[in-house]
Amino acid sequence: MKTYAPRSPGRRQMTGINYREFLTRREPEKSLVAGIQRAVGRNNLGRITTRHKGGGAKRLLRLVDFKFDKKDIPARVESVEYDPNRTAFIGLVVYRDGEKRYIVLPKEVRPGREILVSEKAPILPGNRLPLGALPPGTFIYNIALSSEGKAVLVRSAGSFAEIVAHDGGYATIKLPSGEFRKVKDDAWASIGQVSNEENNLVVIGKAGRSRLMGIRPTVRGSAMNPVDHPYGGGEGRTLRGTRRPKNKWGRGTRGVKTRNPNKYSSKFIISRRTKN
């Protein structure tokens, strides 16, 4: 982690990632970037659907590969790069046939290493195999939910899942949230832990840095008027005034379960997550 001299109140507690230790290239591969119009919390009608989003520094979209449809062709990691749209580091890989792609890197892989997507690949960080070919205890990320599906689970910085057991054509995996879930043995996953594991230690330090990240201010409900929030109004600082905690629209918060009990994938969940 990188700390700063406390020359101002904002700098006093601020920390950041020392990117010079990890990144090997500053500019992205031109053929793998595209312009993007960020939604900033708006839907197709321009209405706010997620509050506290907007503004921020301009970003280019890195076209990261989550399909991994080039199998049995070795690829060499050319560089470790920064992606403003995700917390993990990405790597530029060059396949033997000359094609270049971006992938989410595990923390152990450095430039010069070869990775392989194959059913017979060695069990090494960065390689990708079906879950059925991996022994219990293996750390994995970039997990697909079907044999031809793209990686959808465990993609953020420092995260990993663990294979617990195999039974009846399914692998039982423990997700970072603490949830135990069954996934088909023919679904694919990458080996290792996602890079940039220090990301959760970053202290933003000041409001201006949040605005550059596209995070707008959050106003307390008790500071609003009664017309704007159930907690609003009153003289001075008042208590909540409602029996159960609720949000601006009156829906319950703080531990209220919101998952649809009839969701199709509920049958694959063995035990619910433990983290909030």
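Worth a mention:
- When only the Cβ of Lys, Arg, Asp and Glu is charged (+1, +1, -1, -1), the dipole of segment 130-276 relative to its Cα centre reaches about 1060 debye.
- Here the sum of -39500 (n - 2.57) over DSSP H runs of 4 or more residues, divided by the residues of the chain, equals -500 deg cm²/dmol at 222 nm, to the nearest 500.
- DSSP beta bridges confined to segment 18-200 are antiparallel in about 95 percent of cases.
- With both labels modelled 7 Å from their Cα along Cα-to-Cβ, the LYS150 to ASN260 distance reads 2.2 nm.
- Sparse-neighbourhood loop sites, GluC sites (Glu not before Pro) in segment 169-237 - DSSP loop, at most 13 other Cβ within 10 angstrom: GLU235
- Here the peptides 153-165, 25-37, 199-211 are ranked by packing, the mean other Cβ count within 10 Å, and the order with the highest first is 153-165, 199-211, 25-37.
- ³J(HN,Hα) computed for each position of segment 195-206 - Karplus, 6.51 cos²θ - 1.76 cosθ + 1.60, integer Hz, glycine/proline x: 5, 6, 5, 7, 4, 6, 8, 5, 9, 5, x, 8
- Ordering of 51-57, 88-94, 217-223 by burial proxy (mean other Cβ atoms within 10 Å per residue, highest first): 88-94, 51-57, 217-223
- Packing-based ranking, highest mean first, of 139-148, 38-47 given that Cβ atoms within 10 Å are counted: 139-148, 38-47
- Given charges at beta-carbon only (K, R positive; D, E negative), |dipole| of segment 18-200 in Debye: 920
- Shape category assigned to the chain from the gyration tensor of Cα positions, a/c cut at 1.5: oblate
- Using θ = phi - 60° and Karplus 6.51 cos²θ - 1.76 cosθ + 1.60, couplings along segment 13-27 (whole Hz; Gly, Pro as x): 9, 5, 9, x, 7, 7, 4, 4, 6, 10, 7, 10, 8, 8, 9
Every number here is computed from the coordinates shown, using simple stated rules; none is lab data. Not measured: the values here are computed from a predicted model. For neighbour counting, all protein chains shown are included, and Cβ atoms are generated from backbone atoms with ideal geometry for every residue, glycine included.
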